[in-house]
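These notes are about the structure you will find just below.
The values are calculated or read from the model by the stated rules, or taken from the named source; none is laboratory data. In this text the structure is predicted, and so the values were computed from the model without any measurement. Backbone-built Cβ (ideal geometry, glycine too); neighbour counts: all protein chains shown.
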Amino acid sequence: MSTAILTVRVSAFDEALPVPNAQIIVSNMDGSNITTVYSDENGLSPGIELQTPPREAQFDPNLPVRPYSKYIVEVIADGYVTERVVGVQMFADMPSELPINMPRAEQPGEIEEIDIPENTLLDPDAHRYETAPPPSLGRLHREVFIPTSIRVKLGAPTSAARVVTVSFIDYLKNVASSEIFPDWPYHSLRANIHCQISVAINRVFTEWYPSRGHNFDITNTTQFDQKFIDGRNIFASVGAIVDEIFNTYINRPPGVEPLFATYCDGHRVTCSGLSQWGTVTLANQGRDFLSILRFYFGVNTNVITTTNIRSNFESFSGTLSQGAAGANVQMLQRMLNRIRRNFPLIPQAAEDGVYGAQTAAAVRTFQQVFSLPQTGVVNRATWYRISQIFTAVTRLAELGSEGLPPPPGGNIPLPPPVPCGNPAYPGTLLRNGSRGENVRTMQRMLNNLGAQPRLAEDGIFGPLTENAVRTFQRKFELNADGIIGPITWARVVMECNNLTSAPPPTGETFDYTVTAGDTLWLLSQRFGTTVDVLRSLNGLVSDVLSIGQVLQIPGSTPAPPEGTFDYTVVAGDTLWLLSQRFGTTVDALRSLNGLINDVLNIGQVLRIPSANRVIAVQAIEADNAVVPDDMPESLLGADGLIFPGETLRADMQSDAIRQMQQYLNDIGRVYAQIPQIKVEGHYGPLMQLAVLSFQRLFGLTASGNIDVATWKEIVGRRGALYD
């Protein structure tokens, strides 16, 4: 038998308060006791070593052996309800954490039991999407965003089950721990988790359940959505991946919405989307996560990264009538014009963002067709009915969605923002916890000034508003305390009026076509301009960009820097293949092109270095290595161990990786934050977790990859400890 380590985290009041000295009893499923331990002052148990089946049981769906063992964990603390979790799953060599949130007891002896069902890959009742709701209703938000939290119904949509609100990241870790085996290849895990993220974001974007009058965003039933088990344990490998990619979603151009990325196990149940077991086969064949996703969803599938992270609030933002203007009017016009293709009685409305007579006529006809009061005014009921019908005719909540198109030519230029005016300082400090119209005014001005992420103008001064205030204060060399006093208020008003009254930039410009991963901030850095200038020049009303959108960039078309040339991406290209073809490295290509991920798009133009080939050294072991005379000193570790010439990353296999695993284990014997890993030469999820832990501990960029800087730090730290 193999083993794995379980850690129990005990807290109260939704993790706000650790519970020390809680008694933690771990038993076999037959009730026989294994061990009893106690939580420390941080609410954490010591690591509990438990027996598991062999690791190999995770990789063959036909094996009769269940790939995990199951245990009972009971947590007892004075003044709290006793928590008993039955069926805690443990996989070989895979660290796991069980979060226990303890309610206050109203009377002695109260017990709450949580039963963890089988992983969906072993659950005979997990027949995914068999009874999915018909695409007749739905509505949508104006832009794609990552919610900070999500409301989960712990049962079927019409059941009496309770609804829980959890952070979006915790939700994803729970789903991944419930639906896949945690020691699958990295790119298999990542492809699956991208699907799980995209399904959840699609449900939020289309407001699928709230549009039907429900008070939740998604269910935990696989017949409708995906498995979520409130109170289950979370595996280290999937947790590390979720932390890396939670702000991404799958997209299929020309649409801009998150794909409803259907998936099933592919062994007992088949579907039109991704096969979970099939991803293991493809990853073992050497495919990366994007190649796997394109295998199932089409070659034009992309993974989009967004910085738009905010609370999940409804898409209706207020009544619209003649004279209104802005992004919500533009969205209304786009929806009505698409609905018109199915309901031709509705007249065409110009998609100009201005609520004029044409738009009012289209609204009035829509209201007539769908039995609403014919006012020509869009109130809450009309907005959601339009949104529902639009979702139905485009099938945005299904795998076969035709896609939500970007506006013609990108964002349609709208009337310039209304000047901020001269709102008077309210006379009292505004800080975290403040509420009211003065806070809303400040949020609106900060949004005009480019707050990232964009603030909800809800009049509540929370952590995001405080962060935006600090960012503004640093930019203008004010005391960065996150508090709005008279000096900060006056400077925000002045800068906001300077921005909204400034004419658009003039002079020479050139066209740039947006590709996956682009943001206004990245483009401003690449082309030596500012986000405000790009917004003004292109008439943008939000920071959301669409793949294929054409932007005007100030200045003349930049020539490739000296020592580089331009290359246009074709089908089949990857950064690794290009690095091999042109004698460079993946890291060099990322840095030169300002890339934040490895996703390439056909037609994308890359800059390629034409000289200075990086030396690749094959001899890794220090006693066998031959160091060339011209070997750069930057590629040598402190003890002479040679960097292999390319960044080490997930799913690679080499002697260099084996050496790093040994060194990380050596360091981990002194620094307990770094988990012990198997020395096997394969860069798996636990290796990535160990590297991330090392990087965070010693102040390096937490990428989970071993680049030159991380290599040198690992070698140096190990040498300082043992040599």
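For Ser11, state whether it is more than 33 Å from the chain's Cα centre (by Cα) and among the hydroxyl-bearing types (Ser, Thr, Tyr).
Numbers: more than 33 Å from the chain's Cα centre (by Cα): no; among the hydroxyl-bearing types (Ser, Thr, Tyr): yes.
In short, no.
Going residue by residue through region 260-269, is there one that turns out to be closer than 22 Å to Asn119 by Cα and of a type in the set (S, T, N, Q)?
yes
In region 319-344, what residues are more than 28 Å from Leu520 (Cα to Cα), modelled with pLDDT under 85 and not in a helix (DSSP H, G or I)?
Thr319, Arg341, Asn342, Phe343, Pro344
Based on what the data block shows, is Gly239 over 13 Å from Asn192 (Cβ atoms), in a helix (DSSP H, G or I) and modelled with pLDDT of 85 or more?
yes
Please work out if Asp566 is of a type in the set (Asp, Glu), surrounded by fewer than 12 Cβ atoms within 10 Å (Cβ to Cβ) and at pLDDT 70 or above.
yes
Any residue at all in region 232-243 that's free of Cβ contacts under 8 Å to residues at least 60 places away in the same chain, of a type outside the set (A, V, I, L, M, F, W, C) and not assigned by TED's automatic domain parsing to the domain that holds Leu98?
Going through region 232-243, the residues free of Cβ contacts under 8 Å to residues at least 60 places away in the same chain turn out to be none.
Within region 232-243, none of the residues are free of Cβ contacts under 8 Å to residues at least 60 places away in the same chain, of a type outside the set (A, V, I, L, M, F, W, C) and not assigned by TED's automatic domain parsing to the domain that holds Leu98.
Which of the residues belonging to region 484-507 are part of a loop (DSSP other than H, G, I, E, B) and modelled with pLDDT under 75?
Here is the first cut: in region 484-507, the residues part of a loop (DSSP other than H, G, I, E, B) are 485, 502-507.
Scanning region 484-507 gives Ala502, Pro503, Pro504, Pro505, Thr506, Gly507.
Restricting region 57-92 to residues that are in contact (Cβ under 8 Å) with a residue 24 or more places away in the chain and touching a helix residue (DSSP H, G or I) at 6+ places or on another chain (Cβ under 6 Å), which is surrounded by the fewest Cβ atoms within 10 Å (Cβ to Cβ)?
Step by step, filter region 57-92, then rank; the result is Pro61.
Of all residues in region 430-467 being in contact (Cβ under 8 Å) with a residue 24 or more places away in the chain and of a type in the set (Gly, Ala, Ser), which is farthest from Met494 (Cα to Cα)?
If we take residues in region 430-467 being in contact (Cβ under 8 Å) with a residue 24 or more places away in the chain and of a type in the set (Gly, Ala, Ser), then Gly433 is farthest from Met494 (Cα to Cα).
When you scan region 357-390, how many residues do you find that are of a type in the set (S, T, N, Q), within 15 Å of Gln330 (Cβ to Cβ) and out of contact with any strand residue (DSSP E or B) (no Cβ under 9 Å at 6 or more places or on another chain)? Working first, answer last.
Going through region 357-390, the residues of a type in the set (S, T, N, Q) turn out to be 358-359, 365, 367-368, 371, 374-375, 379, 382, 387-388.
With within 15 Å of Gln330 (Cβ to Cβ) added as a condition, the list becomes 358-359, 387.
Adding the requirement that they be out of contact with any strand residue (DSSP E or B) (no Cβ under 9 Å at 6 or more places or on another chain) leaves 358, 387.
Qualifying residue count for the region: 2.
Take region 350-366 and flag every residue that is modelled with pLDDT under 90 and over 13 Å from Ile389 (Cβ atoms).
Ala350, Glu351, Asp352, Gly353, Val354
Out of Thr305, Thr262, Thr281, report the one residue that is at pLDDT 85 or above and in contact with a Leu (Cβ under 6 Å, 6 or more places away or on another chain).
On the way: Thr305 fails: in contact with a Leu (Cβ under 6 Å, 6 or more places away or on another chain); Thr281 fails: in contact with a Leu (Cβ under 6 Å, 6 or more places away or on another chain).
Every option except Thr262 fails the conditions.
Of the conditions (1) at pLDDT 95 or above; (2) of a type outside the set (Phe, Trp, Tyr); (3) farther than 12 Å from Phe228 by Cβ, Val204 satisfies every one except a single condition; which number is it?
Looking at each condition in turn, Val204 falls short on (1).
From the list Ser27, Ser32, Ser2, which residue is among the small types (Gly, Ala, Ser), crowded, with 16+ Cβ neighbours inside 10 Å and at pLDDT 90 or above? Write out each step before concluding.
Working: Ser32 fails: crowded, with 16+ Cβ neighbours inside 10 Å; Ser2 fails: at pLDDT 90 or above.
When all the criteria are applied, what remains is Ser27.
Taking the options Asp707, Asp651, Asp655, name whichever one is within 20 Å of Gln580 (Cβ to Cβ) and surrounded by fewer than 16 Cβ atoms within 10 Å (Cβ to Cβ).
Numbers: Asp707 fails: surrounded by fewer than 16 Cβ atoms within 10 Å (Cβ to Cβ); Asp651 fails: surrounded by fewer than 16 Cβ atoms within 10 Å (Cβ to Cβ).
Among Asp707, Asp651, Asp655, only Asp655 is within 20 Å of Gln580 (Cβ to Cβ) and surrounded by fewer than 16 Cβ atoms within 10 Å (Cβ to Cβ).
Identify, by number, the condition in (1) farther than 28 Å from Ser149 by Cβ; (2) touching a residue at least 60 places away in the same chain (Cβ under 8 Å) that Ala22 doesn't meet.
That leaves (1) as the condition not met.
From the list Phe295, Phe260, Phe205, exactly one residue is under 29 Å from Asp651 (Cα atoms) and buried (at least 20 other Cβ atoms within 10 Å of the Cβ). Which is it? Steps first, answer last, please.
Values: Phe295 fails: buried (at least 20 other Cβ atoms within 10 Å of the Cβ); Phe205 fails: under 29 Å from Asp651 (Cα atoms).
On inspection, the qualifying residue turns out to be Phe260.
Here are Val303, Val280: which of them is crowded, with 18+ Cβ neighbours inside 10 Å and in a strand (DSSP E or B)? Steps first, please.
Numbers: Val280 fails: in a strand (DSSP E or B).
Val303 is the lone residue from the list that is crowded, with 18+ Cβ neighbours inside 10 Å and in a strand (DSSP E or B).
Here is a list: Leu537, Leu520. Which entry is crowded, with 16+ Cβ neighbours inside 10 Å, at pLDDT 80 or above and not assigned by TED's automatic domain parsing to the domain that holds Asn251?
Values: Leu520 fails: at pLDDT 80 or above.
The conditions single out Leu537.
Are any residues in region 59-74 over 14 Å from Ile34 (Cα atoms) and not in a loop (DSSP other than H, G, I, E, B), and if so, which ones?
Of the residues in region 59-74, the ones over 14 Å from Ile34 (Cα atoms) are 59-68.
Of everything in region 59-74, just one residue is over 14 Å from Ile34 (Cα atoms) and not in a loop (DSSP other than H, G, I, E, B), namely Tyr68.
So which residues in region 465-478 are surrounded by fewer than 20 Cβ atoms within 10 Å (Cβ to Cβ) and under 18 Å from Gly436 (Cβ atoms)? Reasoning before the result, please.
The initial filter retains those residues of region 465-478 that are surrounded by fewer than 20 Cβ atoms within 10 Å (Cβ to Cβ), namely 466-467, 470-471, 474-478.
Of everything in region 465-478, just one residue is surrounded by fewer than 20 Cβ atoms within 10 Å (Cβ to Cβ) and under 18 Å from Gly436 (Cβ atoms), namely Glu466.
Tell me which residues, restricted to region 453-474, are in a helix (DSSP H, G or I) and under 21 Å from Asn308 (Cα atoms). Outline the logic, then answer.
Narrowing region 453-474 to residues in a helix (DSSP H, G or I): 463-474.
Of everything in region 453-474, those that are in a helix (DSSP H, G or I) and under 21 Å from Asn308 (Cα atoms) turn out to be Pro463, Leu464, Thr465, Glu466, Asn467, Ala468, Val469, Arg470, Thr471, Phe472.
Please count how many residues of region 204-258 are of a type in the set (Asp, Glu) and over 24 Å from Thr306 (Cα atoms). Please lay out each step first, then the result.
Taking region 204-258 as the starting set, the residues that turn out to be of a type in the set (Asp, Glu) are 207, 217, 225, 230, 243-244, 257.
Subsequent filtering for residues that are over 24 Å from Thr306 (Cα atoms) retains 230.
Residues that pass the stated criteria total 1.
To keep it simple, each residue is scored yes or no on (1) surrounded by fewer than 16 Cβ atoms within 10 Å (Cβ to Cβ); (2) within 24 Å of Gly255 (Cα to Cα).
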position	(1), (2)
Met335	no, yes
Arg338	no, yes
Phe343	yes, yes
Gln348	yes, yes
Asp352	no, yes
Arg364	no, no
Leu372	no, no
Gly376	no, no
Arg380	yes, no
